[in-house]
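Student: Quick one: the structure is below, and I'll ask about it shortly.
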Amino acid sequence: MVSGGRVLHFHGPAIRAWREQRGFTNGGEFAALFDMTGGWLSNIEKDRREPSREAAFALARRLGITDMRVLLRDYPDVPLPVDRPEVWPEDWR
C-alpha cells in the first residue's frame, strides 16, 4: 500500500503471530481458507512477499483484526479500519 508516496509494508511475523494466537497453527490449512497454498502464506509471514490489498483485508477479517495498522511495519498516524476502507485516505485504498 502507498501512503503519501510512501509504501506501507506488512510485517509478516505479526501476521503469523495473530494467526497462531487465533488457533490457526497449521499455515497450510489457514491459507486454504483463501484458496491459497501454504507456501503463499509462508512467503508473506517470512517477509518474502507482500500480500495484495484484497488478500490483506481477507487475512485481517479472518483473524478478527479491526485496524490494519497492527499488521504493518510502520504504523500510519490514522486508523485503518478493516471493514471501512472508504474512510482510508485515497492513496491507501
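Student: For Pro79, what charge total do you get from the other residues with a beta carbon under 10 Å from its beta carbon, if Lys and Arg give +1 and Asp and Glu give -1?
Tutor: So the environment of Pro79 carries a net charge of 0.
Student: Once amide H atoms are built 1.01 Å from N in the peptide plane, which residues 5 or more positions from Leu72, or in another chain, come under 5 Å H to H?
Tutor: His11
Student: Between His9 and Phe34, with labels modelled 7 Å along Cα→Cβ, what's the label distance in nm to one decimal, could you check?
Tutor: 1.8 nm
Student: What is the sum of charges, Lys and Arg at +1 and Asp and Glu at -1, for the other residues whose Cβ falls under 12 Å from the Cβ of Phe10?
Tutor: +3
Student: Tell me, what is the FRET efficiency for Glu50 and Thr25 to the nearest 0.05, using R0 = 30 angstrom and their Cβ-Cβ distance as r?
Tutor: That gives a FRET efficiency of 0.80.
Any read-out appearing in this document is the output of simple, stated calculations on the displayed coordinates, not a laboratory observation. No experiment lies behind these values; they were computed from the predicted model shown. Counting neighbours? That spans all protein chains shown, and the Cβs are built from the backbone with ideal geometry, glycine included.
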